[in-house]
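Visitor: This structure is in structure tokens; I'll ask about it shortly.
Here, each number is a calculation from the coordinates, and none is a lab measurement. What you see is a predicted model, and the numbers here were worked out from it, not measured in a lab. Using ideal geometry, Cβ is built from the backbone for each residue, glycine included, and neighbour counts are taken over all protein chains shown.
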Amino acid sequence: MRFVPRKYLQLFSHIGLQVLKVWYRGNKVECTVCQSTFSEFLPYGRLVSRSNALCPNCLALERHRLLWLFLNQKTSFFEQKLDVLHIAPELCFMDRFEKVHGDRYITADIESPLAKVKLDVHDIPYPEANFDVVFCNHVMEHVTDDYKAMSEIFRVLKPGGFAILQIPLFHPLKDETYEDPTITDPRERETAFGQDDHVRMYGKDYADRIRSVGFEVEESKYVEEFSPEEQKRYALPTDEIIFYCKKK
Ligand SMILES: [Zn+2]
């Protein structure tokens, strides 16, 4: 299953998962997104398989379990109905977010049939100050012009709103983001940027890039607020930084 790209995994029949759920029955790990417990999570990862990663019930990964906790504890996301734009939506969040925000929750994607709206993040078809929250995770490393995409997200956010713009971090982090539009061959992209459909590899300057379009960015090492036991029980990503981007 680790070789199945995520976008297809999300369409993958749940029958296999039903079997795995029985196989992994237990109470050693707990998914923060769906509250299910298991003996362990499934292994997952494109190049290198990570053990104890994927929830067999809701398909949440480490980073999703951490973000769920962050939204719950650090924001008012679950406390009130908000206007939410969810670009490249993660399946494990979709139904749960919709339950909270109803039809004010809009999923959008350039190609996925699971999303309500088809859009290109370089040119978001919504007026200024339209959303309280925008999620756009694991997208910026794929887009032609990430500055344009970030400014579009900034534009459609209401003042007081926030965006979560997660990206993959390849450790050790480069000081500066590396991009080269002349590298287009998938295998060369894999070598240069870490994956065959990435067009850049972000460095320590990622938050500054987001700031440059107007955001105030908190680089949160939120995972460190959990004890080693909790990090283990929820199988959280210990090196994940949450980029919490606020529009003042
Ligand atoms: Zn789950």
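Visitor: Are any residues in segment 207-224 out of contact with any strand residue (DSSP E or B) (no Cβ under 6 Å at 6 or more places or on another chain) and touching a residue at least 60 places away in the same chain (Cβ under 8 Å), and if so, which ones?
Guide: Selection gives R209, S212, V213, G214, V223.
Visitor: Inside segment 21-77, can you point out the residues that are of a type in the set (V, I, T) and within 14 Å of the ligand (Cβ to nearest atom)?
Guide: Residues satisfying the conditions are V29, T32, V33, T37.
Visitor: Sort out which residues of segment 207-233 are aromatic (F, W, Y) and either under 19 Å from the mean Cα position of the chain (by Cα) or on the phi > 0 side of the Ramachandran plot (or both), and write them in order of number.
Guide: The initial filter retains those residues of segment 207-233 that are aromatic (F, W, Y), namely 215, 222, 226.
Passing the criteria: F215, Y222.
Visitor: While we're here: Go through segment 187-244 residue by residue and tally those that are among the aliphatic types (A, V, I, L, M) and part of a helix (DSSP H, G or I).
Guide: 4
Visitor: Further, regarding this structure: Can you tell me which residue among G160, G194 is surrounded by 17 or more Cβ atoms within 10 Å (Cβ to Cβ) and at positive phi?
Guide: G194
Visitor: I need the full set of residues from segment 24-39 which are in contact (Cβ under 8 Å) with a residue 24 or more places away in the chain and either among the acidic types (D, E) or not in a strand (DSSP E or B) (or both), in order please. Talk me through it step by step, then tell me what you get.
Guide: Taking segment 24-39 as the starting set, the residues that turn out to be in contact (Cβ under 8 Å) with a residue 24 or more places away in the chain are 24, 28-34.
Of everything in segment 24-39, those that are in contact (Cβ under 8 Å) with a residue 24 or more places away in the chain and either among the acidic types (D, E) or not in a strand (DSSP E or B) (or both) turn out to be Y24, E30, C31, T32, V33, C34.
Visitor: State all residues of segment 40-55 that are over 21 Å from K99 (Cβ atoms) and in a loop (DSSP other than H, G, I, E, B); if no residue qualifies, say none.
Guide: Filtering segment 40-55 down to residues over 21 Å from K99 (Cβ atoms) leaves 40-54.
Hits for segment 40-55 are E40, F41, G45, R46, L47, V48, S49.
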